[in-house]
Amino acid sequence: MAKTSLDKSKIKILLLEGIHQSAVDNFLNAGYTNIEHLSTSLDEETLIEKIRDVHFIGIRSRTQLNERVFAAAEKLTAVGCFCIGTNQVDLNAALARGIPVFNAPYSNTRSVAELVLAETIMLLRGIPEKSTRAHEGGWLKSAKNSHEARGKTLGIIGYGSIGAQLSVLAESVGLDVIYYDVVTKLAMGNARQVGSLEELLARADVVTLHVPDVPSTRWMITKEQFALMKPGSIFINASRGSTVVIEDLAEAIKAGKLLGAAVDVFPSEPKSNDEEFVSPLRGLANVILTPHIGGSTLEAQENIGVEVSEKLITYSDNGTTITSVNFPEVALPAHPDKHRLLHIHENVPGVMSEINRVLSENDINISGQFLQTNEKVGYVVIDVDKAYGVKALEALKQVDHTLRTRVLYSETNYQD
Ligand SMILES: NC(=O)C1=CN([C@@H]2O[C@H](COP(=O)(O)OP(=O)(O)OC[C@H]3O[C@@H](n4cnc5c(N)ncnc54)[C@H](O)[C@@H]3O)[C@@H](O)[C@H]2O)C=CC1
Ligand SMILES: O=C(O)C(=O)COP(=O)(O)O
């Protein structure tokens, strides 16, 4: 088993928001036993207190890791977002402290695509309203405003992992698919990319959003965009609540411009299942409201638990940062007979020569070196002979612009 600089039982892991047990099992199997596993998110003050002695934190979309939280997280080594979105994490604050952030870019995409296809069909048939009326003792048997999906046009905004999968599923029930993306994307099946958002809005019977929360998508759908949509069309958002002006959506539905909507994500979401959900969409007919559960299936959550815990374990055991969303990516081989030094520094000229100088001045023999940088940070990994572990780490700590250092001891000569 790989040896880290700290005894694994001293490496504290905090998992929030009901992360799947598969993650806990994975950590335990890898020798990490100091795990706190909570079913909820934490408010900022509690999180700040708790994170002080945490080495690895696992969160989902609800926990905000901002500058204040990072400032308190003195021992934090890496962050795992057990979801796709990383907008809840101040990635620059993490990077400035030499903390890589990982996520699970694919594991819940199918769950979202299935839900959106199901909602498309339900909304085209006016099922939410008919079902609500039946529960109340009413009987809305009518074909008015009810349509088959076959031959209707589905407009997908953001043709990434979710949008592209939805495209394939949608064609299988006879929907014609068009999509708009800021990047030219390979079309699945018979889908066609359109040149502008305006064109997509004007042509689609059902519009669905699958973009990340980035500056270009903030409030990208407002009353102006609803005005461009076909009368009687349907709008779906399972991306982020920051993309749509929700009051404008409520207006478009009340005015009868849209026949229905399904919304899974909101500008403001309850912090826990005990908090009231407040929204201008509440009570509107033919509107499906779901509590941010697009990716919440047992299958997705189990896979995410495995995927992200593996990334954290690999970083802890071996230093590999492949697929990190904010950090220079380095893929590293095993180091059975060498100690491994990890040095994270500000990316300014001269740091590498300084590192090599201090190692050479201390007569430390380098047997392997790996370097990757991004705009702000450099990540260098140096394998050295087993005799030099602690000495070399101390030398590296003296280098100007150092953000963080760690040593991973040789698997054949563990020193705590
Ligand atoms: N409701 C839920 O539970 C879930 C929500 N999500 C959300 O869905 C988002 C999308 O997920 P993926 O498809 O996996 O992401 P992705 O990164 O694979 O795809 C996003 C696509 O949006 C495009 N895009 C970016 N800015 C755009 C703009 N201004 N206009 C048009 N297209 C733009 C990108 O080029 C990319 O093709 C995530 O970022 C996350 O916020 C993801 C999983 C679950
Ligand atoms: O994967 C994402 O980005 C999601 O929005 C899902 O978030 P969750 O893990 O359900 O809090």
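Each reported figure results from applying straightforward, stated rules to the coordinates on display, with no laboratory input. Since this is a predicted model, take the numbers as computed values, not measurements. Quick reminder, even Gly has a Cβ in these numbers, built from the backbone with ideal geometry, and neighbours come from all protein chains shown.
P(r) tail, region 3-141: Cα-Cα pairs separated by more than 19 Å, 59% of all pairs. Principal-axis analysis of the Cα atoms of the chain puts helix 109-124 at an angle of about 10° to the longest axis. Computed over the chain, the Cα gyration tensor eigenvalues convert (square root of 5λ each) into semi-axes of 48, 22, 18 Å, ordered from largest to smallest.
Scaled against the 2.2 N^0.38 Å expected of a compact globular protein of N residues, the Cα radius of gyration of region 44-117 reads 1.20. Normalised by 2.2 N^0.38 Å, where N counts its residues, the alpha-carbon radius of gyration of region 315-416 equals 1.00.
An oblate overall shape is assigned to region 166-211, the ratio a/c of its alpha-carbon gyration tensor axes (a ≥ b ≥ c) being 1.5 or greater and a/b not exceeding b/c. Checking the cross-link pairs Lys12/Lys386; Lys144/Lys271; Lys130/Lys185 against a 31 Å limit on the alpha carbon distance flags Lys144/Lys271; Lys130/Lys185 as lying beyond it. For Leu140 and Arg192, a Förster radius of 30 Å and the Cβ-Cβ distance give a FRET efficiency of 0.25, rounded to the nearest 0.05. Between Ala72 and Asn365, the contour length at 0.36 nm per residue exceeds the alpha carbon distance by 101.8 nm. Per-residue ellipticity at 222 nm from helix content only, as computed over the chain with -39500 (n - 2.57) for each DSSP H run of at least four residues, stands at -9000 deg cm²/dmol. Do you know the relative contact order of the chain, to the nearest whole percent, from alpha carbon pairs under 8 angstrom that are 6+ apart? Reported relative contact order: 16 percent.
With θ taken as phi - 60° and the Karplus curve 6.51 cos²θ - 1.76 cosθ + 1.60 applied, the whole-hertz 3J(HN,Hα) list for region 166-179 is 4, 4, 5, 4, 5, 5, 5, 9, x, 6, 8, 10, 10, 9 Hz, x standing for glycine and proline.
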